[in-house]
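The values are calculated or read from the model by the stated rules, or taken from the named source; none is laboratory data. What you are looking at is a predicted structure, and each value in this text was computed from that prediction instead of being measured. Don't worry about glycine lacking a Cβ; one is built from the backbone with ideal geometry, like all the others, and counts go over all protein chains shown.
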Amino acid sequence: MSERVNPSYLHWFHQPKLYILSADKLILETEPYTSMQNMTIDENSGFGLFGDEHSAFEAEIRLQFGFRNRNDECGMLLKLNDDSWFKFGVSSAEKEFNELFCTRFHQSFRDRNLRVIGSGVNTVWLRLMYTRGRAAFSYSLNGDRYITYREITFPDYQGAAAAGIYACSPGNSYFDCTFSQMEIKLMEDEK
């Protein structure tokens, strides 16, 4: 059974100046020239929170966003360690469309998958399943029917990982993002 997550119990990795944090949601406003292109956290990092590490879990979240400019983005993070992590979310691309993406960072290697969605879509549900070095990323446009987006295995890594949420504006932009309906379900070997 999934358990709702109170976002105020999560850990900031970079705290924004403008945010509202309650027992059931986080609303934050990004700042210009913030990015999540590496896991080095400094004044130019995106804003967000991480949960505790677990070796097997399923995490789910509802994202609402009001992008203003190209490359604004928000989503989920999965951090295996300092050298291996993922971001899975939505970014603003053109006036007519946004992009759903999953980017893997592993040591100096990076790869990215993209799927175009309409710019009229401003709410997306994301789901992340992690089990000892295996990750599966899914999305939904209605909160009911999920579509598997990407599956990845790290055969040399069997450890725990931490899920998180983030938002950033790499250009001269800012936008509001709401993270709600956060749930986490620990798998059998975590209970």
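Touching a Phe, Trp or Tyr at 6+ places or on another chain (Cβ under 7 Å) and modelled with pLDDT under 95, is that true of PHE88?
For PHE88, the condition - touching a Phe, Trp or Tyr at 6+ places or on another chain (Cβ under 7 Å) and modelled with pLDDT under 95 - is not met.
For PHE50, only one of the following conditions fails: (1) in contact with a His (Cβ under 7 Å, 6 or more places away or on another chain); (2) at positive phi. What is its number?
(2)
For ARG70, state whether it is basic (Lys, Arg), more than 25 Å from ALA135 (Cβ to Cβ) and touching a Ser or Thr at 6+ places or on another chain (Cβ under 7 Å).
yes
Of all residues in segment 32-85, which are among the acidic types (Asp, Glu) and surrounded by fewer than 18 Cβ atoms within 10 Å (Cβ to Cβ)?
Once the filter is applied, which keeps residues that are among the acidic types (Asp, Glu) and surrounded by fewer than 18 Cβ atoms within 10 Å (Cβ to Cβ), segment 32-85 yields ASP42, GLU43, ASP52, GLU53, ASP82, ASP83.
Give the residue, chosen from ASN69, ASN38, that is polar (S, T, N, Q), over 29 Å from TYR157 (Cα atoms), touching a residue at least 12 places away in the same chain (Cβ under 8 Å) and outside any strand (DSSP E or B).
ASN69
I'm told LEU21 meets every condition in (1) surrounded by fewer than 22 Cβ atoms within 10 Å (Cβ to Cβ); (2) touching a Lys or Arg at 6+ places or on another chain (Cβ under 7 Å); (3) over 17 Å from ALA160 (Cα atoms) except one. Can you identify the failing condition by its number?
Result: LEU21 passes all but (2).
Mind listing whichever residues of segment 72-91 are more than 15 Å from the chain's Cα centre (by Cα) and free of Cβ contacts under 8 Å to residues at least 60 places away in the same chain?
Once the filter is applied, which keeps residues that are more than 15 Å from the chain's Cα centre (by Cα) and free of Cβ contacts under 8 Å to residues at least 60 places away in the same chain, segment 72-91 yields ASP82, ASP83.
Can you name the residue in segment 140-191 that is among the aromatic types (Phe, Trp, Tyr) and touching a residue at least 40 places away in the same chain (Cβ under 8 Å) and is also surrounded by the most Cβ atoms within 10 Å (Cβ to Cβ) among such residues?
Residue satisfying both the conditions and the ranking: PHE179.
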